[in-house]
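A.B. asks: Before anything else, here's the structure in question.
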Amino acid sequence: MMTKIFIVVFGAMTLTATYLTATDVGVMEPSIKKHSVRQGSVYSRSRVGGYRRGK
Amino acid sequence: MAEAEAKLHTIKCTQCAAPLTLKGGHQVRSITCGYCGSVLDTKEEFKVVKQYLDRKRPPSVLELGMTGKIHGVEFTIIGVVQFQDDEYARWLEFLLFSPTHGYAWLEDDAGHFIFTRRVRDLPDKPVSAQRKSSFKARRHTFKVLEEYTISISYVEGELTWVAEVGDKVRLLDAIDPPFIYTVEKTGTEEEYSIGEYLQPEAVHEAFSIDFEPKKRYTVHPAQPYIPNPMLVAMSQAGKYFAPLALVIVIYAFFFGSGETLLRGSVTPVQFIAGAQSAPFEVKNKDSLLALHLSSPLKNAWAWFDVTVRNEQREIFSLSKQISYYSGYSGGEHWSEGSQSTRAYFKVPAAGKYTLLVTGEGGTGSRGTKPQQKALNVTVKEGVIVSRYFVILLALTMTAFLWRYIMRWRFEARRWETDEDDDD
């Protein structure tokens, strides 16, 4: 009985995965007009010391 | 007649005059008085041969005089011996007696119960004490667990020998769960017994103990692995769905990379000014398109605005960053970011499209001049993104394997010994 319940659960998950894949839900990039901010390396600021050197 | 029989089976302790009931048959050799601790020799007119004062009866759900059916045979608990090993781990062994089936033992070891009987089925070969070496006895293949010495720390009731506290016995245990084969060495004598692990619920029911068995915190060497029914159900269901998800993921990996519509590269000079790509034709408006950008930047960053256009208008616009930094500091290599990025999109109708790529970038953390590395641009059609099936695969594979992982952990605990703990 419990096996049947899990078969139903996994079956539903498989159908959901199929639907999400077929309709490409959540994979497409939102269309934007222009990027808002320039970003370099947050991590390397401390490791490389680029900003600190400029002080 | 019944009164005479009762009298025959009851004596007074020759030390303290407490009433002692004899239930153990003709092979009983000693009886230890539960009141005064005197050990009486049944073959010597119940002469006191030893006395243990200030004894504390070890706690157990089983008690002397209890009766219970094991494998359809009614046994009475007539005696109890507490053993301890070199590590001072203690357990109780209750001597059982059935007028028709003789003697047996029921071990109570921290909530684990082993029903043991002496056997004459000798191992098919000399038993080595080497761990996990195997031998056959009574149609079972046993694996040697360990050899160790135990001593008696408490006795009470009727026993088939004159037991004394401190008596030592050398044991060798070998297992084929739920069975355990024990070679017992005392002096030059060797005795053999086969025990069977009994589920605590079965023992409680057999002896009419009306409360729940206590929780078992350890795994007994002879304890059979009984998987949780929910784990079994999950595993059974996962057995069908994990391969299905795997096949789909493999299919997406090999056949879901799509057909290349555009492949080109753009120099920094071009993308700063705004570079238009060659036209590419999308055949199906519903198919997923993948835009792949890559550039071999090193300790540099670049931002790109990519606009998808048809002949009339802008269809889609996105921004993507590529940045990659690496170095060596503090005695270790480090890196962050990636030299490529990807985006997925769709177009409203089949037809010809172009890309307009503009970008900026810099090196290090402050530089504002793009590194002189070309940007490679690829557009593919008919891409399959398998992430949902990867998640499904992870879940169903975990569901399928969890039962076996739990079993592996159980078996590992079964073979754990104090020796291992010391390591």
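Read the figures in this text as sums done on the coordinates, not as results from a lab. Quick caveat, the model's predicted, so the values are computed rather than measured. Glycine gets a Cβ as well: all are built from the backbone with ideal geometry, and neighbour counts include every protein chain shown.
A.B. asks: Mind pulling up the Rg/Rh value for segment B:9-206? Radius of gyration and Kirkwood radius, both on Cα.
C.D. replies: A ratio of 0.97.
A.B. asks: Sorted from largest down, what three extents in whole angstroms do the Cα atoms of the protein assembly as shown have along their principal axes?
C.D. replies: 116, 56, 43
A.B. asks: Let me ask something else about it. So what's the angle, to the nearest 10 degrees on a 0 to 90 scale, between helix B:387-414 and the longest Cα principal axis of chain B?
C.D. replies: 20 degrees
A.B. asks: Can you run phi through the Karplus equation (6.51, -1.76, 1.60; θ = phi - 60°) for segment B:9-15 and list ³J(HN,Hα) in whole Hz, with x for Gly and Pro?
C.D. replies: 9, 10, 10, 9, 4, 6, 9
A.B. asks: R0 = 60 Å: FRET efficiency of B:ARG263 with B:LYS132, Cβ-based, nearest 0.05?
C.D. replies: So, using R0 = 60 Å, E works out to roughly 0.50.
A.B. asks: From the phi angles alone, apply the Karplus equation (6.51, -1.76, 1.60; θ = phi - 60°) to segment B:102-115 and give each ³J(HN,Hα) in whole Hz, x where the residue is Gly or Pro.
C.D. replies: Computed from phi, the couplings for segment B:102-115 are x, 9, 7, 10, 10, 8, 10, 10, 6, x, 9, 10, 10, 9 Hz.
A.B. asks: Among B:HIS101, B:HIS204, B:HIS26, B:HIS71, what is the fewest-to-most ranking by other Cβ atoms within 10 Å?
C.D. replies: Starting with the residue having the fewest Cβ neighbours, the order is B:HIS26, B:HIS71, B:HIS101, B:HIS204.
A.B. asks: Let me ask something else about it. Under 5 Å between amide hydrogens, which residues at least 5 positions from B:SER153 or on another chain qualify, with H placed 1.01 Å from N in the peptide plane?
C.D. replies: B:GLN82, B:PHE83, B:GLN84, B:GLY166
A.B. asks: I would also like to ask the following. Pick from B:TRP402, B:TRP91, B:TRP161: which residue has the top mean-square fluctuation in a GNM of chain B where Cα pairs under 10 Å get a spring?
C.D. replies: B:TRP161
A.B. asks: Taking Cα atoms, how many degrees apart are the long axis of helix B:229-255 and the longest axis of chain B, rounded to 10 and kept between 0 and 90?
C.D. replies: Compared with the principal axis, the helix lies near 20 degrees.
A.B. asks: Next question, about the same structure. Could you check which residue among B:SER317, B:SER38, B:SER329 shows the biggest mean-square fluctuation in a GNM of chain B with a 10 Å Cα cutoff?
C.D. replies: Largest GNM mean-square fluctuation: B:SER329.
A.B. asks: Moving on to the next point. Sorted by average packing, counted as other Cβ atoms within 10 angstrom per residue and highest first, what order do B:185-194, B:214-223 take?
C.D. replies: Values: B:185-194: 13.1, B:214-223: 16.0.
Listed from highest to lowest mean packing, they are B:214-223, B:185-194.
A.B. asks: Still on this structure, I have one more. Just from its helices, what would the mean residue ellipticity at 222 nm be for chain B, if runs of 4 or more DSSP H residues each count -39500 (n - 2.57) and the sum is divided by every residue, rounded to the nearest 500 deg cm²/dmol?
C.D. replies: That comes out to -6000 deg cm²/dmol.
A.B. asks: Would you kindly derive the ³J(HN,Hα) couplings of segment B:178-190 from the backbone phi angles with the Karplus curve 6.51 cos²θ - 1.76 cosθ + 1.60 (θ = phi - 60°), listing them in order in whole Hz, with x for Gly and Pro?
C.D. replies: x, 9, 9, 10, 10, 9, 10, 10, 10, x, 9, 8, 10
A.B. asks: Which three lengths, in whole Å and largest first, does segment B:268-383 cover when its Cα atoms are put on their principal axes?
C.D. replies: 54, 29, 16
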